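Only one structure is covered here, and it is reproduced in the block below.
The values are calculated or read from the model by the stated rules, or taken from the named source; none is laboratory data. Predicted model only: the values in this text are computed from it and were never measured. Note: ideal-geometry Cβ built from the backbone for every residue, glycine included; neighbour counts use all protein chains shown.
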Amino acid sequence: MTQNESTTWHGTTILTVRKNGKVIVAGDGQVTMGPTIVKSAARKVRTIGKGDVIAGFAGATADAFTLMERLEAKLEQHSGQLMRAAVELAKDWRTDRYLRHLEAMMIVADKDETLVITGNGDVLQPEHGVAGIGSGGMYALSAARALMETDMGAEEIARRAMAIAADICVYTNTNLIVETLNEA
């Protein structure tokens, strides 16, 4: 194992579920460095803007905070229009010499839309009301998609899907931060 591999901060799981008038963004709390868990209750999901947008991040923490600050500034600049702010952030992220080296992904949601923003310039609107990012993101996404057809509510689906991801992904735990918005 090289020095970089042993000190790389790994994984997380962020999931969003949109169902029956509710928008949930959930994130686990585990932070690892190489094979070691260094924190079990990190907060990777939070409200931003005027409290009407939820953001969850996967990747390097300092990079993610930089991107969240930039997104908040874009939201303010564009009168709270999440799509426009996200597209402007993605453009900057892809073209700015400093930003393009940041290693993170974000899920952001407001009452109307859910978006996945990447450093490749992607602003993706997920299908089926769910999206997942991070090392356990695809496990949580798969579980949530299957649970969407049940009578469970959005938060119950998110919590159950995150538990399934934690059972499979060693970089995901069950210490969840869950934020909720009501749709318009």
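Hey, among the residues in region 64-120 that are small (Gly, Ala, Ser) and either over 19 Å from Lys44 (Cα atoms) or in a helix (DSSP H, G or I) (or both), which one's farthest from the chain's Cα centre (by Cα)?
Going through region 64-120, the residues small (Gly, Ala, Ser) turn out to be 64, 73, 79-80, 85-86, 90, 104, 109, 119.
Those left that are additionally either over 19 Å from Lys44 (Cα atoms) or in a helix (DSSP H, G or I) (or both): 64, 73, 79-80, 85-86, 90.
Working: Ala64: 10, Ala73: 19, Ser79: 22, Gly80: 19, Ala85: 16, Ala86: 14, Ala90: 15 Å.
Top of the filtered list is Ser79.
In region 95-110, of all residues being of a type outside the set (A, V, I, L, M, F, W, C) and farther than 22 Å from Glu155 by Cα, the one that is surrounded by the fewest Cβ atoms within 10 Å (Cβ to Cβ) corresponds to Arg97.
Could you pull out the residue among Ala158, Ala163 that is small (Gly, Ala, Ser) and crowded, with 19+ Cβ neighbours inside 10 Å?
Values: Ala163 fails: crowded, with 19+ Cβ neighbours inside 10 Å.
Answer to the check: Ala158.
Which residue is modelled with the lowest pLDDT, if the candidates are limited to region 62-107 and must be touching a strand residue (DSSP E or B) at 6+ places or on another chain (Cβ under 7 Å) and of a type outside the set (A, V, I, L, M)? Checking each candidate, the answer is Glu103.
For Val31, indicate whether it is closer than 25 Å to Ser142 by Cα and either surrounded by fewer than 17 Cβ atoms within 10 Å (Cβ to Cβ) or in contact (Cβ under 8 Å) with a residue 40 or more places away in the chain (or both). No: the conditions fail for Val31.
Quick grid of which residues meet (1) more than 22 Å from Ile168 (Cα to Cα); (2) touching a strand residue (DSSP E or B) at 6+ places or on another chain (Cβ under 7 Å):
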{"residue": "Ile14", "(1), (2)": "no, yes"}
{"residue": "Asn20", "(1), (2)": "yes, no"}
{"residue": "Val25", "(1), (2)": "no, yes"}
{"residue": "Gly34", "(1), (2)": "no, no"}
{"residue": "Val38", "(1), (2)": "no, yes"}
{"residue": "Arg46", "(1), (2)": "yes, yes"}
{"residue": "Lys50", "(1), (2)": "yes, no"}
{"residue": "Ala55", "(1), (2)": "yes, yes"}
{"residue": "Ala58", "(1), (2)": "no, yes"}
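Ala143 falls short on exactly one of the conditions (1) free of Cβ contacts under 8 Å to residues at least 24 places away in the same chain; (2) buried (at least 22 other Cβ atoms within 10 Å of the Cβ); (3) in contact with a strand residue (DSSP E or B) (Cβ under 6 Å, 6 or more places away or on another chain), and that condition is (3).
For region 111-131, the criterion of being charged (D, E, K, R), surrounded by 15 or more Cβ atoms within 10 Å (Cβ to Cβ) and under 23 Å from Gln30 (Cα atoms) is met by no residue. Counting only residues that are part of a helix (DSSP H, G or I) and closer than 13 Å to Thr16 by Cα, region 148-184 holds 9 of them.
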